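Scroll down for the structure; my scribbles are underneath it.
Rule-based calculations on the coordinates, nothing more; no lab input. Because the structure is a prediction, the values reported are computed rather than measured. Cβ placement follows ideal geometry from the backbone for every residue including glycine, while neighbour counts extend to all protein chains displayed.
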Amino acid sequence: MSSSDPTAVRSSRRALGWGFFLSELGVLFRRRRTQAMLGALAAVPILIAVAIRVTGGDGRGPAFLDRISQNGLFVGMTALVVSIPLFLPLTVGVVAGDSVSGEASTGTLRYLLVSPVGRIRLLVVKFASAVVFCLAATLTVSVAGLLAGAVLFPIGPVTLLSGDTVDVGEALLRALLISVYVALGLLGLAAIGLFISTLTDAPVGAMAATVVVAILSQVLGQLSQTELLHPFLPSYHWLDFADLLRQPIDWSSFAGNAWLQLAYVAIFGALAYARFATKDVLS
Amino acid sequence: MARNQKRWAVAIAAPAVVAVVVAGGVLATSASADLPEKTPEQVLELAAQADVQTFSGTVEQSSELGLPDLSGFGGSTGGSSDGSGTAADRGLSPESALELLTGSHEARVYADGSDKLRVQVLDQLAERDVVRNGDDVWLYDSSDDSAVHTTLPTRSDDSSDEGAATPGTVPTPADVAQRFLTAVDPSTDVSLGADTSVAGRDAYDLVLTPRTDTTLVGSVSIAVDSETGMPLQVEVLARGASSPAFEVGFSSLSLDTPSAELFDFSAPDGTTVTEKALPTKSDAPDASAAHPEPVVTGEGWGSVVELPVGTDTAELTSSPLFSQLTTKVDGGSVLQTTLVSVLLTDDGRVFAGAVPADALQAAAAAAPAGGAATAPATPAE
């Protein structure tokens, strides 16, 4: 087989793409910072569960809080409600904002591009690892919540928002769906972070700007004066994951969330491509 | 540089594609239908004959009555009185009723025949349910995990009491439309607007315009399904306004029979259940004091309802909302919305109507104070 055989070239390129993606994931998840962020996310449900266990769970708090003492499966959901406004966007902002500018600031970006990695592929791989991180982050919250709930509270059939009851198996399935839903909702923010990351060589700036976008989106979502904008904000569907806890499941928000995030990924992915492909990489 | 331009062209093309897709979706939903010509009478008849009792759908309601957003108040009042604030209180309190009438709400409605009904008011991270299965009626509120159970009197074969079974919920389009259709009389001009499309179904647009200009209501338009005659949407416009002040309609509708499990409801474990005899108060704030005979003056759209002294206005006026919502006028306080005005006089009488506030004041001045008293007067606060 000669080296000019096109299929061989293609397969080796594809292998390179997967290898690059896997090595990128390895770098991301071996990083102390990433592990610390996932640890902090896991601490949220554990803190909630312990606090409820100690105090008895009376009083006011986020949604589902009062149900935890009866059913540990609600720990993860309460933790998601708590994490969605700030913690999750913060961690996604750090990962996505760091994706390109981090390489630029440590001077490794040009070496990546010198090796046969196209700029598009680099962006795709960076975005793909951010997607994996989104899922890992939400699963961390859910799984830590499940474990903490199982240890500290009884586990049993779950009462849905509609007042119907489902068994533990279906409840776990729905918890998984919720994790996917929340991760999906963060993709638009990850794309925005990737774009911002191509604009600058200072990763801290890109991270901060991405988190600011997330907060701005939620502030605008609270104001009734900007009501026309609401359906177009990336955070619009964030808390609608509760629609998966209705009987029957209300899939409309899942679809709405997917389309909205797809639009953000398309727009900011294209912007990131245009910016990054035309950029003079000097560092 | 040409390559760079091409790359930026991609970046500009992506938002353009997204915009086209979004605009296409918007246009597709608002595309007007081309239905066979009908006179308003024929459409009214079509609506009167409507006999759709089995369906499932999503109802969206939005109100711009010119009142502040009360969704926050609804939650806080429920939470502050956690011990006693069960679904019963929340579902029937003036705050809850006001909260449902203002702002925007989404509800899923499932109906199978005349005696199986389930309404789910979809709040964010919470849900309020009304389930009727035969004579059993359940109210369930997920935010405080409480339920109310009521058994209807067995004679309830007359299927018209849907309204009674749904206290504290978003009215279905059928309820609202029926209310307006019965009000169609010589005081009202009935015409047909352009054909519309609601929830993907072609519909006639019945427009009711009051002939008098003493009322705040500009027009009421009812979208009548061209196939079944079922009212799909009701919009109420204030006089001179271009967008609806109150709107309730289906955003999706299926005429298939909903799953029987949906009506099979019993209180989940750990729920605070209140057994209740038939609720004597209904959901609407105006009707909450319906037992003493109200006095109606004027006629048609301009009529004013007077509720006698002694109705439980104390409950209303002691609410912290009251001072926020009302303005002080000569002889009382006025709750002014874009469609309805309510006057609470200082001597405890209540006047309400779809008329400007000064018409209510005139009516209050004309009616002798205490003339309609049937119960001992409560001290004015």
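Listing for the model above:
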read-out	value
Cα-based helix-to-principal-axis angle, A:252-278 vs chain A, degrees rounded to 10	20
Residue order, fewest to most beta carbons within 10 Å, for A:ILE46, A:ILE267, A:ILE215, A:ILE192	A:ILE215, A:ILE46, A:ILE267, A:ILE192
Nearest 10 degrees, 0 to 90: helix A:32-55 Cα axis against chain A principal axis	0
Virtual spin-label span in nm between A:LEU223 and B:GLN324, 7 Å along Cα→Cβ	2.0
Where labels lie 7 Å past Cα in the beta-carbon direction, separation of B:GLN124 and A:LEU177 in nm	2.2
Environment charge of A:LEU282, counting only residues whose C-beta is closer than 13 Å and scoring Lys/Arg +1, Asp/Glu -1	-1
Order of A:PHE241, A:PHE232, A:PHE21 - criterion: other Cβ atoms within 10 Å of each residue's Cβ, fewest first	A:PHE232, A:PHE21, A:PHE241
Sequence of B:SER114, B:SER142 once ranked by neighbouring C-beta atoms within 10 Å, starting from the fewest	B:SER114, B:SER142
Tensor-based shape of chain A (alpha-carbon gyration tensor, a/c under 1.5 rounded, otherwise prolate or oblate)	prolate
Spin-label model distance (nm) - B:ALA241 vs A:LYS279, 7 Å beyond Cα toward Cβ	5.0
For chain A, calculated [θ]222 nm from helices alone, where every DSSP H run of n ≥ 4 adds -39500 (n - 2.57)	-24000 deg cm²/dmol
